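In what follows, a structure is listed as structure tokens, so that the remarks can point back to it.
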Amino acid sequence: MRTLIRNGTVVNAGGAIAADVLVDGETIAAVTAPGVFDTADTVIEADGRYVLPGGIDGHTHMEMPFGGTFSADTFATGTTAAAWGGTTTIIDFAVQAKGTSLLATLDKWHEKADSHCAIDYGFHMIVSDVNDQSLKEMESCIDAGVNSFKMFMAYPGVFYATDGEILRAMQKATDTGSMIMMHAENGIAIDELVAQAVAAGRTDPVEHGITRPPELEGEATSRAIQLAKVTGAPLYIVHLSARHALDAVAAARNIGQNVFAETCPQYLYLSIEDLAKPDFEGAKYVASPPLRPKDHQADLWRGLRTNDLSVVSTDHCPFCFVDQKELGRGDFSKIPNGMPGVEHRMDLLHQGVVAGEITLARWVEVCSATPARMFGLYPRKGVIAPGADADIVVYDPAATQTLSVTTHHMNVDYSAYEGMSITGKVESVLSRGSVVIADGAFHGAEGHGRFLSRELSQYLV
Ligand code: URP
Ligand code: ZN
Ligand code: ZN
């Protein structure tokens, strides 16, 4: 089965060219000057369209256990929504519960995801119980294609790891060439601020932001960087939200330390003003780290340009407003942490191109090519080139759309971007050569997605 995508503008991280793309089976067979091939089983006209490597969202949480409930997207619904938005690969997090083994956790996550994903998927592992066994099991996870391990400096009593535990895991990462991903917020100090706020009757959602100040993200980021330096471990800071943390990452990178960071669309477009919405509406925006004052956004865009922020992921972790966010009415500390977004990352970052914040090529780089390299998937994913998987997005840069709960495909009862006007729209999506989105309809299938056993990060050689 051959598909020809013709007369489009092929955009890779290296730049844009007018080219045709010939797909044969599951992979890209050729990228040629326009008109070299004129027939195929299927022809997709891409005149005036961008032809992009499928988006890679390196940070999602489908069916994640959190705060006594589970994030609302299953692997089936969440990956379908991702496809609608031009994302053809997700890397989700298997979550080790305290007292359980990493390998049993991995089995459990395979059970949740295998035969259910509409697009390809991989796993990171959340390590919440550092002991001799789990440190040893990190090696088996790496053999099983899961070579990035998330740890938390936040959430004491749940996922929190002490500095000593982080140090031991980092030593293992150094020995194995694997990667530690860090949720960098000072959870001990934050929990104290939270307890003080609740005791004083300050219980609205905005308190979530007030009790998690940017200084405590900056402090934890600096501490993680120093621990990584002492152990020689590479470090990937997840969901960076504040300039305080960005400054720490930039300083480490300036002295040549292997430190990387991602940010998320919500930190580029939303702010603490959303958390302060009345009538408990702010609960829709509770995620950690919290949304920051607006003036952090310019710094994050700058970080994306300077490569101190090298990836944009969504941290997609949806909880319904009715029933789930409700758990924290009257006590913000009980609101499940997380926001929906897997469907909108490509569109939202395209607004950065439209606004002149980033170039077209940089859009593709932070949303596809760098996550592929960072998480050991390149050049199978993240590039339009012969031999790569035919994960391809045909994107109309001139189309317009309005984001809304009434039109999105995520299994959640609100949109964090309700009413936002977007320039650009995904038109067609191929996943390993199969058309999954075309003509405004989903043509994919639950179970089409394959597990990706990942190589080690290509930034750590
Ligand atoms: O609030 C968030 N970010 N929820 C998901 C879990 C995490 O820390 O990434
Ligand atoms: Zn986190
Ligand atoms: Zn997350």
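The values are calculated or read from the model by the stated rules, or taken from the named source; none is laboratory data. Computed from a predicted model, the values in this text were never measured in an experiment. Virtual Cβ from ideal backbone geometry, glycine too; neighbours counted across all protein chains shown. We work out accessible area using only protein heavy atoms, side chains counted, and drop any ligands, DNA or RNA first. Shrake-Rupley method; radii C 1.70, N 1.55, O 1.52, S 1.80 Å.
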Next on the checklist: Looking only at residues that are among the aliphatic types (A, V, I, L, M) and closer than 13 Å to Gly68 by Cα in region 316-346, which one is most open to solvent (accessible area, probe 1.4 Å)?
Outcome noted: Leu327
Checklist outcome for this item: Cβ pairs under 8 Å, 6+ apart or interchain, first in region 307-333 and closer than 30 Å to Thr359 by Cβ, second in a loop (DSSP other than H, G, I, E, B) and more than 13 Å from ligand 1 (Cβ to nearest atom), ordered by first then second residue, are Thr314/His344; His316/Met410
Checklist entry - So which of Ala46, Ala33 ends up being in contact (Cβ under 8 Å) with a residue 60 or more places away in the chain and either closer than 28 Å to Ala399 by Cα or of a type in the set (Ser, Thr, Tyr) (or both)? => result Ala46
Checklist entry - Glu207 fails exactly one of the following numbered conditions: (1) surrounded by fewer than 17 Cβ atoms within 10 Å (Cβ to Cβ); (2) among the charged types (D, E, K, R); (3) within 28 Å of Gly282 (Cβ to Cβ). What is the number of that condition? => result (1)
Next on the checklist: From the list Val238, Val230, exactly one residue is at pLDDT 95 or above, more than 16 Å from ligand 3 (Cβ to nearest atom) and of a type in the set (A, V, I, L, M). Which is it?
Outcome noted: Val230
Checklist entry - Within the set of pairs 6 or more residues apart or between chains, which connect a residue that is without any contact (Cβ under 8 Å) to a residue 40 or more places away in the chain inside region 270-284 to a residue that is part of a loop (DSSP other than H, G, I, E, B) and surrounded by fewer than 15 Cβ atoms within 10 Å (Cβ to Cβ) with Cβ atoms less than 9 Å apart? => result Ser271/Pro293; Ser271/Lys294; Ser271/Asp295; Glu273/Pro293; Glu273/Lys294
Checklist entry - Quick one: is His244 within 27 Å of Leu304 (Cβ to Cβ) and open to solvent by less than 10 Å² (accessible area, probe 1.4 Å)? => result no
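One line per residue, one yes/no per condition, for (1) more than 22 Å from Gly352 (Cβ to Cβ); (2) in contact with a strand residue (DSSP E or B) (Cβ under 9 Å, 6 or more places away or on another chain); (3) within 16 Å of ligand 1 (Cβ to nearest atom):
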site: Val230; (1), (2), (3): yes, no, no
site: Asp247; (1), (2), (3): no, no, no
site: Arg253; (1), (2), (3): no, yes, no
site: Asn258; (1), (2), (3): yes, yes, no
site: Thr263; (1), (2), (3): no, yes, yes
Item to check | Single residue of region 162-186 satisfying the filter (more than 16 Å from ligand 2 (Cβ to nearest atom) and open to solvent by less than 10 Å² (accessible area, probe 1.4 Å)) that is farthest from Phe375 (Cα to Cα) | outcome: Met170
Item to check | Selected residue [outside the structural domain of Ile422 (by TED's automatic domain parsing), in contact (Cβ under 8 Å) with a residue 12 or more places away in the chain and more than 16 Å from ligand 3 (Cβ to nearest atom)] from Ser222, Ser288 | outcome: Ser222
Checklist entry - Any residue in region 168-180 that is within 15 Å of ligand 1 (Cβ to nearest atom) and touching a residue at least 24 places away in the same chain (Cβ under 8 Å)? => result yes
Checklist outcome for this item: Checked region 113-154 for anything among the charged types (D, E, K, R), more than 16 Å from ligand 1 (Cβ to nearest atom) and under 20 Å from the mean Cα position of the chain (by Cα); matches are Asp114, Asp120
Next on the checklist: Is it the case, given these coordinates, that Ala118 is more than 26 Å from Glu446 (Cα to Cα) and buried (at least 18 other Cβ atoms within 10 Å of the Cβ)?
Outcome noted: no
Checklist outcome for this item: Within region 127-155, of all residues that are more than 16 Å from ligand 3 (Cβ to nearest atom) and under 21 Å from Gln226 (Cα atoms), the one surrounded by the most Cβ atoms within 10 Å (Cβ to Cβ) is Val130
Item to check | Residue in region 133-161 that is nearest to ligand 2 (Cβ to nearest atom), counting only those that are on the phi > 0 side of the Ramachandran plot and of a type in the set (Gly, Ala, Ser) | outcome: Gly157
